[in-house]
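Peer 1: Input: one structure, supplied below.
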Amino acid sequence: MDENFVAQMKKKLDEMRREIIDQLVAEDEEFRSMASSSDTKDLVDVASNDIDKKLLSALGAQELKKLRLIESALVRIENGKYGICLKSGKAIPEERLEAIPYALYRVEYQSEIERRNR
């Protein structure tokens, strides 16, 4: 996959992660006090490692799931596996990654998974 595209997606994922964390900080006073004494990576670790269930409940289920998918995508970037469908092993089209930078599957496999989960 094109290195420039991956760099763009990494930046976009970092921004999405930051927005979720900022939302959490704004909504939770206890998290806000922790934020003032921690750096960004520490905040991500707190949110993604389930250290404090109260803090995570402030996120809501959808935002927590999204944060985990974003973290997973960033790990795949670091491992050189970003943009590869977990089901087929084929490249996920750039258009799909632009729309959903944390996508795990090509459209056809995602549709199949969603049908099974109904």
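The values are calculated or read from the model by the stated rules, or taken from the named source; none is laboratory data. Keep in mind it's a predicted model, so treat the numbers as computed, not measured. Don't worry about glycine lacking a Cβ; one is built from the backbone with ideal geometry, like all the others, and counts go over all protein chains shown.
Peer 1: Just one of (1) modelled with pLDDT of 95 or more; (2) within 15 Å of the chain's Cα centre (by Cα); (3) surrounded by 14 or more Cβ atoms within 10 Å (Cβ to Cβ) trips up Lys11, so point out which.
Peer 2: Tallying (1) modelled with pLDDT of 95 or more; (2) within 15 Å of the chain's Cα centre (by Cα); (3) surrounded by 14 or more Cβ atoms within 10 Å (Cβ to Cβ), Lys11 fails exactly one: (3).
Peer 1: So is Ile21 closer than 30 Å to Lys90 by Cα and modelled with pLDDT of 80 or more or not?
Peer 2: On the way: closer than 30 Å to Lys90 by Cα: no; modelled with pLDDT of 80 or more: yes.
Answer is no for this residue.
Peer 1: Now a separate question. Assuming Lys81 fulfils every condition listed in (1) free of Cβ contacts under 8 Å to residues at least 24 places away in the same chain; (2) in contact with a Leu (Cβ under 9 Å, 6 or more places away or on another chain); (3) part of a loop (DSSP other than H, G, I, E, B) apart from one, which condition is it?
Peer 2: Failed condition: (2).
Peer 1: Do we have any residue at all in region 67-88 that's surrounded by fewer than 17 Cβ atoms within 10 Å (Cβ to Cβ), of a type outside the set (Phe, Trp, Tyr), modelled with pLDDT under 95 and closer than 12 Å to Arg17 by Cα?
Peer 2: Scanning region 67-88, I find at least one residue that is surrounded by fewer than 17 Cβ atoms within 10 Å (Cβ to Cβ), of a type outside the set (Phe, Trp, Tyr), modelled with pLDDT under 95 and closer than 12 Å to Arg17 by Cα, so the answer is yes.
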